[in-house]
1. For region 30-43, state whether one or more residues are under 13 Å from the mean Cα position of the chain (by Cα), part of a strand (DSSP E or B) and modelled with pLDDT of 90 or more.
2. Could you list, in sequence order, the residues of region 52-101 that are of a type in the set (Asp, Glu) and either in a strand (DSSP E or B) or surrounded by 13 or more Cβ atoms within 10 Å (Cβ to Cβ) (or both)?
3. Could you list, in sequence order, all residues of region 55-87 that are farther than 18 Å from ALA42 by Cβ and hydroxyl-bearing (Ser, Thr, Tyr)?
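The values are calculated or read from the model by the stated rules, or taken from the named source; none is laboratory data. Treat the numbers as computed from the prediction; the structure is a model and nothing was measured. All Cβ positions, glycine included, derive from the backbone under ideal geometry; neighbour counts span all protein chains shown.
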Amino acid sequence: MLSGTACAHHGRLFACGLATLGEFRAAGTDLLVSRSSGSMYAAVGGRAGIELPLVAPFSLGLQATAVVPLVERTLRIVDEVLWLAPPVGGELGMFWRVTIF
């Protein structure tokens, strides 16, 4: 996967746009038959959060992200569906930041 973000900050708040491009792969083995499959993955989304200063140079951040896949969301081997991406994905996160400059 390759992902990129572009963010804007206003005081302690921030908002980001993001894009992801990659491929999911699966492989199976059996004594008689071995198969593999891949599926391209592309998605766009957004992230918003707040960064709270602690003791210089440290701060704590909280963020929420939502991602929407743009292309094929199914990983199959022959006619068997191995994985189906949801129409929208999301995450909640926390991070520590150390500001050097």
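1. Initially, region 30-43 is screened for residues under 13 Å from the mean Cα position of the chain (by Cα), giving 41-43.
Remaining after also requiring part of a strand (DSSP E or B): 41-43.
Imposing the further condition that a residue be modelled with pLDDT of 90 or more reduces the set to 42-43.
Checking region 30-43: at least one residue is under 13 Å from the mean Cα position of the chain (by Cα), part of a strand (DSSP E or B) and modelled with pLDDT of 90 or more.
2. First, pick out the residues of region 52-101 that are of a type in the set (Asp, Glu): 72, 79-80, 91.
GLU72, GLU80, GLU91 - these are the residues of region 52-101 that are of a type in the set (Asp, Glu) and either in a strand (DSSP E or B) or surrounded by 13 or more Cβ atoms within 10 Å (Cβ to Cβ) (or both).
3. Result: SER59, single match.
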